[in-house]
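Written below as structure tokens is the structure these notes are about.
FYI, it's all coordinate maths here, none of it is from the lab. What you are looking at is a predicted structure, and each value in this text was computed from that prediction instead of being measured. Every residue, glycine among them, receives a Cβ derived from its backbone with ideal geometry; neighbour counts consider all protein chains shown.
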Amino acid sequence: MNFTRRTFSFGIAATTIASLGSRRATAEGKVYKMRLGTPFLQSHPGAARLIEACAKIKTDTNGTIDIEVFPGNQLGGESEMESQLRAGALDFMTTSGVS
């Protein structure tokens, strides 16, 4: 067998993928509560889809992942939300795209 860097790399990648695939990720009963801020109003299609997606995530994970959406700059403007992201008070945010 011709042993090259490429075959070695593929072997390592295959072994890693196989070992990750054989383990089942469990949250051990924990609930992960996260916060998502957006400047869009709740009636905006983007914010409405975010709210729907977060509700579906909560349903699909049996409540293990709970993402609370704060539309309409409830947590402050984009610069304030960026500061909250850096501080760890906010987990996700969207921007309006207008700057």
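Points to keep in mind about this one:
- Pairs, first closer than 12 Å to Arg35 by Cα in segment 78-99, second surrounded by 10 or more Cβ atoms within 10 Å (Cβ to Cβ) and among the small types (Gly, Ala, Ser), C-beta under 6 Å, six or more apart: Met81/Gly37; Leu90/Gly37; Met93/Gly37
- Among residues of segment 27-60 being surrounded by 12 or more Cβ atoms within 10 Å (Cβ to Cβ), under 15 Å from the mean Cα position of the chain (by Cα) and touching a residue at least 24 places away in the same chain (Cβ under 8 Å), the one that is farthest from Thr95 (Cα to Cα) is Val31.
- The lone exception for Asp91 - which of (1) touching a Lys or Arg at 6+ places or on another chain (Cβ under 8 Å); (2) more than 18 Å from Lys30 (Cβ to Cβ); (3) surrounded by 13 or more Cβ atoms within 10 Å (Cβ to Cβ) it fails: (2)
- From Leu85, Leu41, Leu50, Leu75, residue being outside any helix (DSSP H, G or I), under 30 Å from Gly29 (Cβ atoms) and hydrophobic (A, V, I, L, M, F, W, C): Leu75
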